[in-house]
Amino acid sequence: MTTNGQVLRHLRENDRDSEPPNVRSENCSAGSRGDFDKVTTLNTLATYAPKATAQPWLSPLNLHAYPDPYRSDSRPKFDDPVVTALLSLAPLKRLAGIGFLGAIDYVKHGSGRDGHRRRHNRLEHSIGVAHLANVYAHEAGLDADRRSLLLCAALLHDVGHGPLSHTLEPVFLEAFGLDHHLVSRRIITGDIAFGAGIREVVHDAGVNLEELIALIDGEHDGDVGYLFSSPINLDTLEGITRCRAFVAPRPAHGMAARIVRRWAKGADHSESWFDSFWGLKHDVYNLFIGAPRGAALDAIAQTYMRTNISSFRAEDFLTSERSIFRNHPELISILRTASRGDKEVGSQIPSSWRSLEVCVRKREFFVESDARLEDNASINRRYRQSKTTTVVTLADLLE
């Protein structure tokens, strides 16, 4: 059996001390697309279908086997059959093998089953967003058709995420022109064979496909669009409270559901709750997601992929992290080492990587107190953010 130490020694002793790619992590030029044949890439994905024997996430899904998204004694309950139908399909099951935070999941060693002791995945997050959508629909008295639309959007909004989520996505974009927005749309519409069944389930639920995609993309200008497009939306409510549950034992799990129940009565009923959540989002981003250690792990994982890009394929975007780690044991060894501390991982990576420039983005979330929360449109005016970027080296982040 190959140990982590053997793999890391192999990484250091081979030609990895040559100059790293001329890029910046989190990509100061984020979103750039490299030299690739987009038509060929999309044609390759269009016919891709994983082998069931190679993908453990294709086994039957038991919704109740998943920990509650809010770490309570309850389990999410849905009375719309579209939930069970979608969760029975391979694209949704795959999300159980996609980490929620990417490389940042490895800032701590996962142990136990409580929310602050284990790593979370994109399937749990999607089910959590669907739970909030269901709560809102019932509290607001929406009819069955609108509820089905919200549930489909909640469950499918992240269906196109690749392994290590946002961490490796910039490199997949550079090398293959792929990001989770593009891939999600093609899975949902059936343009990728891997998405077989989704379009039929959506149609049978009476949900308009174009309206569904517009809602997921934040471009829906109708009666429920704000639930996915506002600065405070169902996706970020679930995601931020999940991050808080991951950080420490004291959970924020009840906050999202309570906010949604008040929101269903009207935005003007939610101001103090929204204010508190916006403060929580500020803390989560600046003390956890955007902290130096997380930025360092993103930089290391991205540099590894760029250095070894010839051994990655466009189809890897539709696999799981287990598959990626099986083909790239050095990468998982680095991340596992990172979970034991920054100094240890700093001594294991190639020395040339330490001089890599990393863009650290700081985000300030603040409330415009003069913009009172009178309706859903005023959410955009009251809850604001600013972004600044600082360039440091990977060595700076690891100190």
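Here are the numbers for this structure:
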| item | result |
| --- | --- |
| Given 77/362; 77/265; 93/362; 93/281, the pairs whose alpha carbons are separated by over 31 Å | 77/362; 93/362 |
| R0 of 45 Å, Cβ-Cβ distance residue 399-residue 182: FRET efficiency to nearest 0.05 | 0.75 |
| Under-5 Å amide H pairs with residue 121, H placed in peptide plane, nonlocal only | 100 |
| Residue 269 versus residue 286: modelled label distance in nm, points set 7 Å from Cα along the beta carbon direction | 3.2 nm |
| Under the Debye formula (equal points on every Cα, no solvent term), log10 I(q)/I(0) of segment 274-399 at q = 0.19 Å⁻¹ | -1.03 |
| Cα→Cβ-extended label distance, 7 Å offset, between residue 208 and residue 380, nm | 2.0 nm |
| Gain on full stretching of the segment that runs from residue 352 to residue 44 - 0.36 nm per residue minus C-alpha separation | 107.4 nm |
| Nearest-0.05 FRET efficiency for residue 391 and residue 138, computed from C-beta distance (R0 45 Å) | 0.40 |
| Per-pair calculated FRET efficiency, R0 = 45 Å: residue 308 and residue 368 via Cβ, rounded to 0.05 | 0.45 |
| Projected area, mean over directions - segment 133-265, Cα convex hull, nm² | 9.1 nm² |
| Where labels lie 7 Å past Cα in the beta-carbon direction, separation of residue 217 and residue 326 in nm | 3.5 nm |
| Built amide H within the under 5 Å cut-off of residue 177, gap 5+ | 34 |
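Values quoted throughout were computed directly from the atomic coordinates according to the rules given, and no laboratory measurement underlies them. Predicted model, so just to flag it, every value in this text is computed and none were measured. As a convention, Cβ positions derive from the backbone with ideal geometry for all residues, glycine included, and neighbour counts pool all protein chains shown.
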